[in-house]
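Here the structure is laid out as structure tokens; the discussion comes afterwards.
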Amino acid sequence: MNQYKTGAVIIALTMAISGCADMSATQRGTATGAGIGAGLGGLLGAATGGGGGNRAAGGAVLGAAAGAIVGNVWSNRMENQKRTMEQATQGTGVQVSQTADNRLKLEIPSDISFDTNRADIKPNLRPVLDRFATTLNQNPATTVSIIGHTDNTGSDTINQPLSVERAAHTRDYLATRGVSATRIVVEGRGENEPIASNDDNAGRARNRRVEIYVSEAAPR
């Protein structure tokens, strides 16, 4: 097996291992970082010439070590923020999860965030955003994306700007709590990305929501 095939196999095996259900987010991040680092390190070692398999193997070891460190730091930071927000939102209906691309996601339902056809933040959401702002201020390297959604009631000319306005009001509230608005990107998706059927009131209520994503670039 040549060095390029070796690197590909290492990466493929690592991605499979990192998907194991019994691994924590930190372990998955470490495994993924280590495997990708190993594969790239092996390829770089081979590309530099000389030493053949020994050079490729050495590059794989160094790459694995570097990749593991990067993955571990990333996962620990995001996992800590996730745990904090899970505690802060317990019993509120806010869903906190970690996405496949290692972003922290907060899904905020309409019953605590916005009234129908309104973009004013409801009182029940303010304590959640207050705690969220605290975690953002404690982790200044993170960036935030806020996406507003609506149900299918009304036309696009109403729903699209309403979804943007909901995201913008969430951003503005966080800014009043000390989070720099330059860290936050807002977007509206209108009625285009429902998570439930719009055929009944319960489904439409689920679709009227705001999603907040937090991400942090891996150290270079």
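The values are calculated or read from the model by the stated rules, or taken from the named source; none is laboratory data. On a predicted model such as this, the values are computed, not experimentally measured, just so you know. No Cβ is skipped: glycine too gets one built from the backbone with ideal geometry, and neighbour counts run over all protein chains shown. Accessible surface areas use protein heavy atoms only, side chains included; no ligands, DNA or RNA. Shrake-Rupley method; radii C 1.70, N 1.55, O 1.52, S 1.80 Å.
Here are the numbers for this structure:
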{"read-out": "Residue in the stretch 198-207 that is of a type outside the set (S, T, N, Q), part of a helix (DSSP H, G or I) and in contact with an Asp or Glu (Cβ under 6 Å, 6 or more places away or on another chain) present", "value": "yes"}
{"read-out": "Residue satisfying condition, being of a type outside the set (A, V, I, L, M, F, W, C), more than 22 Å from the chain's Cα centre (by Cα) and part of a loop (DSSP other than H, G, I, E, B), within set ASP101, ASP120, ASP111", "value": "ASP120"}
{"read-out": "Selected residue (only one of ASN137, ASN159 is buried (at least 17 other Cβ atoms within 10 Å of the Cβ), part of a helix (DSSP H, G or I) and of a type outside the set (D, E, K, R))", "value": "ASN159"}
{"read-out": "Tally, over the stretch 107-127, of residues that are open to solvent by 60 Å² or more (accessible area, probe 1.4 Å) and without any contact (Cβ under 8 Å) to a residue 40 or more places away in the chain", "value": "5"}
{"read-out": "Residue satisfying condition, being open to solvent by 40 Å² or more (accessible area, probe 1.4 Å) and more than 22 Å from MET78 (Cβ to Cβ), within set ASP200, ASP151, ASP130", "value": "ASP200"}
{"read-out": "Residue match in the stretch 200-210 (condition: within 22 Å of the chain's Cα centre (by Cα), within 21 Å of ASP130 (Cβ to Cβ) and at pLDDT below 95)", "value": "yes"}
{"read-out": "The lone exception for ARG131 - which of (1) within 17 Å of THR84 (Cα to Cα); (2) in a strand (DSSP E or B) it fails", "value": "(2)"}
{"read-out": "Selected residue (only one of GLU187, GLU211 is within 20 Å of MET85 (Cα to Cα), of a type in the set (D, E, K, R) and not in a helix (DSSP H, G or I))", "value": "GLU211"}
{"read-out": "In the stretch 172-188, residue nearest to ALA141 (Cα to Cα) [restricted to those that are open to solvent by less than 60 Å² (accessible area, probe 1.4 Å) and touching a residue at least 12 places away in the same chain (Cβ under 8 Å)]", "value": "ARG183"}
{"read-out": "Matching residues in the stretch 90-106 - criterion: being touching a residue at least 40 places away in the same chain (Cβ under 8 Å) and surrounded by 19 or more Cβ atoms within 10 Å (Cβ to Cβ)", "value": "ASN102, LEU104, LEU106"}
{"read-out": "Count of residues meeting criterion [in contact with a strand residue (DSSP E or B) (Cβ under 8 Å, 6 or more places away or on another chain), under 12 Å from ARG118 (Cα atoms) and either open to solvent by 40 Å² or more (accessible area, probe 1.4 Å) or assigned to a strand (DSSP E or B) (or both)] in the stretch 162-171", "value": "2"}
